[in-house]
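Undergrad: This is the structure I have questions about; it appears just below.
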Amino acid sequence: KQWYQRRVAITAGKDIQVNDSLTSAIIGPRGSRIGSVRKKTSALIKIGDDKSVVDGTRNITISGALKEVMWAFNAVKGLILDAEEEIRRNNAPKETTEHSGYPTLPNRL
């Protein structure tokens with residue numbers, strides 16, 4: 001008797017809502033960041049166009065095999081966290097010197 005192993009492809013889909021101001025940082029220059037995620041995970045990643053933005057939120061849809069979707073979801077979440085951190089760094093108050101000529105102590109001591 002011959003036994004055949006059946007392969008069942010489990011597919012999945014995941015939607016992520018992201019602040020529209022983060023979209024360009026997620027996509028990257030010429031699509032390099034999101035393109036890298038697509039290539040590494042083989043997942044289908046669709047980013048909503050400008051017409052789909054509602055209340056400043058854009059939808060990102062990830063679909064494919066379950067493992068691919070999970071990898072891509074984690075990678076996209078990483079891109080979102082990186083973009084948020086970059087915005088925080090750019091908006092952080094600059095350290096200044098007081099009139100005495102001595103620098104002020106950073107708040108993180």
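The values are calculated or read from the model by the stated rules, or taken from the named source; none is laboratory data. These numbers come from a predicted model, not from an experiment. Cβ atoms come from the backbone with ideal geometry, glycine included; neighbour counts cover every protein chain shown. Just the protein is used for accessible areas: all its heavy atoms, side chains included, with ligands, DNA and RNA removed. Shrake-Rupley method; radii C 1.70, N 1.55, O 1.52, S 1.80 Å.
Undergrad: If I filter the range 66-76 down to residues being in contact with a strand residue (DSSP E or B) (Cβ under 6 Å, 6 or more places away or on another chain) and surrounded by fewer than 21 Cβ atoms within 10 Å (Cβ to Cβ), which single residue comes out as farthest from Lys14 (Cα to Cα)?
TA: So, considering only residues that are in contact with a strand residue (DSSP E or B) (Cβ under 6 Å, 6 or more places away or on another chain) and surrounded by fewer than 21 Cβ atoms within 10 Å (Cβ to Cβ), the one farthest from Lys14 (Cα to Cα) is Leu66.
Undergrad: Within the range 35-65, track down each residue that is farther than 11 Å from Gly13 by Cα, among the β-branched types (Val, Ile, Thr) and open to solvent by less than 90 Å² (accessible area, probe 1.4 Å).
TA: Val37, Thr41, Ile47, Val53, Thr57
Undergrad: Give the range 31-72 a look and list any residue that's of a type in the set (Asp, Glu) and within 15 Å of Gln17 (Cα to Cα), or say none. Break it down into steps so the answer makes sense when it comes.
TA: Residues of the range 31-72 of a type in the set (Asp, Glu): 49-50, 55, 68.
Asp49, Asp50, Asp55, listed by residue number.
Undergrad: Collect the residues in the range 10-34 that are touching a strand residue (DSSP E or B) at 6+ places or on another chain (Cβ under 9 Å), closer than 15 Å to Ala72 by Cα, of a type outside the set (Val, Ile, Thr) and open to solvent by less than 80 Å² (accessible area, probe 1.4 Å), keeping them in residue-number order.
TA: Within the range 10-34, Ala12, Gly13 meet the criteria.
Undergrad: What are the residue pairs meeting all of these: first residue in the range 30-49, first residue in a helix (DSSP H, G or I), second residue open to solvent by 20 Å² or more (accessible area, probe 1.4 Å), Cβ atoms under 6 Å, and 6 or more apart or on different chains?
TA: Qualifying pairs under 6 Å: Arg33/Leu79; Ile34/Ile27; Val37/Ala75; Thr41/Glu68; Thr41/Trp71.
Undergrad: Does Thr11 qualify as being at pLDDT below 95 and under 12 Å from the mean Cα position of the chain (by Cα)?
TA: no
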